[in-house]
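Here the structure comes first, spelled out in structure tokens, and everything after it is commentary.
The values are calculated or read from the model by the stated rules, or taken from the named source; none is laboratory data. Worth saying up front: this structure is predicted, and the values here are computed from it rather than measured. Backbone-built Cβ (ideal geometry, glycine too); neighbour counts: all protein chains shown. Just so you know, the surface numbers come from the protein's heavy atoms only, side chains and all, with ligands and any DNA or RNA stripped out. Shrake-Rupley method; radii C 1.70, N 1.55, O 1.52, S 1.80 Å.
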Amino acid sequence: MAISAAMVKELREKSGAGMVDCKNALTATEGDLEKAMEFLREKGLAAAAKKSGRIAAEGLVMAFVSDDGARGSIVEVNSETDFVGKNQDFRTFVEQVAQLAMKSPDSDMESFVEEPWINGDYATIKEALTNKIAVIGENLSIRRKQVYVKQGGGAVVPYIHGGGRVAVLIELVCDKASDAVVEAGKNLAMQIAAMSPKFVNRGDVPQDFIDKEREILKQQALNEGKPEKIVEKMVEGRLTKALMDFCLLEQEYVKDGELSVAKYLEAVGKEVGAPVSVKHFVRYETGEGIEKKEENFAEEVSKAMQG
């Protein structure tokens, strides 16, 4: 039986497996979709090792918080294609990894993946990951994680944007527990997702970061043909503006352009009856810092059909 591109596409949508694996499964089962699904599962672990060398720069980031709001986690799990990020089985797996990360303060990924899986289906996180690689048909990687544990009052708040393209975890400190503090955490997490600050405030900025930024701005000004005698003054002005963008508390609050983030937090503190401050935050964007391989979906289908 001839295997059509439509059949391959349908099996991929159902299984999340790679194009070539789907075509081979359909060929082996003479086009029977259900048998092809079983074939992919049975092929399983033997195929996983072959995929480990492929670039995994897509996938999902996920932020998660415990029911009592005391602990939160953020993780990134990568896949080879953004198609996999839309697969519900993969999304569920990433959510489970985030839940496990929340209970594990160890940031060392090699140790983390050796911890027990969320249920009895697999002995370890690594074993569950290997199974997912086999079933989905792409290289997958648990790249990084961060855990916050609330101390005293305040709130640990997660935010996920773009279906898992960007995730933020933020911890606010306040002596009084309040829904208003949690709401402030959500608002600031959205601010962080949109504006990508690097630091909480000016005092957190390392001197070497400032020196490097100053040198970049100086070179930019010289490249613009500005007279060297005024470059230094220009650079300091531009540096001050750049640091305002880099520091969360100095940014313009996106929901009210009349306020800075710092002024917004002051207003929340007055409402709550106790000062509210940002202890720390982390922002993950899927695949940031990974060199991505550009793929054309139509070409991928064509390559798969050509064998």
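Brief remarks follow.
- Cα shape, the stretch 129-185, gyration tensor, a/c 1.5 rule: prolate
- Note on residue 103 and residue 215: with the Förster distance fixed at 41 Å, the Cβ-Cβ geometry gives a FRET efficiency of about 0.40.
- Percentage relative contact order, the chain, counting C-alpha pairs under 8 Å, at least six apart: 20 percent
- Flagged links, alpha-carbon separation over 31 Å, of 9/198; 132/255; 86/198: 9/198; 132/255
- Taking every protein chain into account, the accessible area of the chain amounts to 52 square angstrom per residue (probe 1.4 Å).
- For the chain, carbon and sulfur atoms together expose 49% of the accessible surface, with a 1.4 angstrom probe and every protein chain in place.
- Per-peptide packing, taken as the mean over residues of other Cβ atoms within 10 Å, places 205-218, 68-81, 223-236, 152-165 in the sequence 68-81, 152-165, 205-218, 223-236 from highest down.
- Rounded, prolate or oblate (a/c below 1.5 giving rounded, otherwise prolate when a/b exceeds b/c) for the stretch 226-269 by Cα gyration tensor: prolate
- Answer label for P(r) over Cα pairs in 20 Å bins from 0, in percent (calculated), chosen among [x] 31, 54, 15, 0; [y] 36, 59, 5; [z] 28, 45, 24, 3: [z]
- On Cα atoms only, tilt of 261-272 relative to the major axis of the chain in degrees: 90 degrees
- Only Cα pairs under 8 Å and 6+ residues apart enter the sum, and on that basis the relative contact order of the stretch 157-221 stands at 27 percent.
- Multiplying the residue separation of residue 4 and residue 244 by 0.36 nm and removing their Cα-Cα distance gives an extension gain of 80.8 nm.
- Based on the Stokes-Einstein relation at 10 °C and a viscosity of 1.306 mPa s, and on the Kirkwood radius from alpha carbon pairs, the stretch 51-130 is assigned a translational diffusion coefficient of 120 µm²/s.
- Only helices enter this figure: runs of n ≥ 4 DSSP H residues, each worth -39500 (n - 2.57), summed and divided by the residues of the chain, yield -15000 deg cm²/dmol at 222 nm to the nearest 500.
- Cα shape, the stretch 153-212, gyration tensor, a/c 1.5 rule: oblate
- Theoretical gain in end-to-end length, residue 266 to residue 175 [0.36 nm per residue, Cα-Cα removed]: 31.3 nm
- In degrees, nearest ten, helix 88-102 long axis to first principal axis of the chain (Cα): 50 degrees
- 0 to 90° range, to nearest 10: angle between helix 179-195 axis and the chain longest Cα axis: 80 degrees
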